[in-house]
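A.B. asks: Before we start, here is the structure in question, set down as structure tokens.
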Amino acid sequence: MVGLGVDWILLNPCWFVSDDQARSYEQFMLKHFGLMPRTHLGYLMPYELDKSVFVEQYKRIRAKKWPIQISCYLKKPEDIHTFVDTPHVPPGNHFCYQQWTRMDITPDGEVTPCILYPDLKVGNLHEQSVMQIWNSDGFANFRHVRRDEVLPVCAKCNAVYLHDARRKVL
């Protein structure tokens, strides 16, 4: 692996949204932003995973010294139970820094606070400057809502794990 230029392998369970999460997300987006989202439906699926096998294999991987970093955004192998059995609960970090550190732009110039769920548009670069969008009421409203509440679909987002300020190593 080292000879191939690989310096990190990230082992993560599949991202999925449960039926309950999907309905909660739809209600959340209607309540806070007045829109019916659609993009989350691509992640709507039952999640079949043998959690005991995952825990065993992840522990074996962690027990060995590797020449490259091999990790998973679940802090402990046992966190897979929370990940699968209570999909709306993020194991560990609940705060996402993404909307304070970046903006996501779709190919047509639309700007969304989260590229993973681009239903909410906060501006368009063909019509506004970056600073106008960054400081817009739409972006500020999303930041305010997201600061106070976890969106029902955020529990599976790798950004919640990757941007955890308390995390020493991923």
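A.B. asks: Please list, ordered by chain and number, the residues whose modelled amide H lies under 5 Å from the amide H of Gly123; skip anything fewer than 5 residues away on the same chain.
C.D. replies: Amide H neighbours of Gly123, under 5 Å, 5+ apart: Val111.
A.B. asks: Mean residue ellipticity at 222 nm from the helices of the chain, using -39,500 (n - 2.57) per DSSP H segment of n ≥ 4 over the full residue count, to the nearest 500 deg cm²/dmol?
C.D. replies: About -10000 deg cm²/dmol.
A.B. asks: Within straight cross-link reach of Lys156, meaning Cα distance under 17 Å, which aspartates and glutamates are found once same-chain residues fewer than 8 apart are removed?
C.D. replies: Here the aspartates and glutamates satisfying the reach criterion relative to Lys156 are Asp19, Asp20, Glu26, Glu48, Glu78, Asp79, Asp85, Asp164.
A.B. asks: What whole number of Å gives the distance from the Cα centroid of the stretch 1-26 to the Cα centroid of the stretch 113-136?
C.D. replies: Going from one Cα centre to the other spans 25 Å.
A.B. asks: From the alpha carbon gyration tensor of the chain, can you work out the equivalent ellipsoid semi-axes (sqrt of 5 times each eigenvalue) and give them in Å, largest to smallest?
C.D. replies: 32, 20, 14
A.B. asks: Can you tally the lysine pairs in the stretch 4-93 where the Cα-Cα distance is under 24 Å and the two residues are eight or more apart, or on different chains?
C.D. replies: Here the count comes out as 11.
A.B. asks: Report the antiparallel proportion of the DSSP beta bridges in the chain as a percent, rounded to a multiple of 5. The partial results should precede the final answer.
C.D. replies: On the way: 4 of 8 bridges.
Approximately 50 percent, going by the DSSP bridge assignments.
A.B. asks: Another question about this same structure. When the dipole is taken about the Cα centre of the stretch 96-162, and only Lys, Arg (+1) and Asp, Glu (-1) are charged at their Cβ, what size is it in debye, to the nearest 20?
C.D. replies: 280
A.B. asks: Scale the Cα Rg of the stretch 1-60 by the rule-of-thumb value 2.2 N^0.38 Å and send over the ratio, two decimals.
C.D. replies: Values: Rg = 17.6 Å, N = 60, 2.2 N^0.38 = 10.4 Å.
After normalising by residue count via 2.2 N^0.38 Å, the value is 1.69.
A.B. asks: Within 10 Å, count the other beta carbons around each residue, average over each peptide in 108-117, 36-45, and list them highest first.
C.D. replies: Packing proxy ranking, top to bottom: 108-117, 36-45.
A.B. asks: How high is the relative contact order of the chain, given as a whole-number percent (alpha carbon pairs under 8 Å, six or more residues apart)?
C.D. replies: So the answer I get is 27 percent.
Values in this text are rule-based calculations from the coordinates and carry no lab data. What you see is a predicted model, and the numbers here were worked out from it, not measured in a lab. Heads up, the Cβs are rebuilt from the backbone with ideal geometry, glycines too, and the neighbour counts pull from every protein chain shown.
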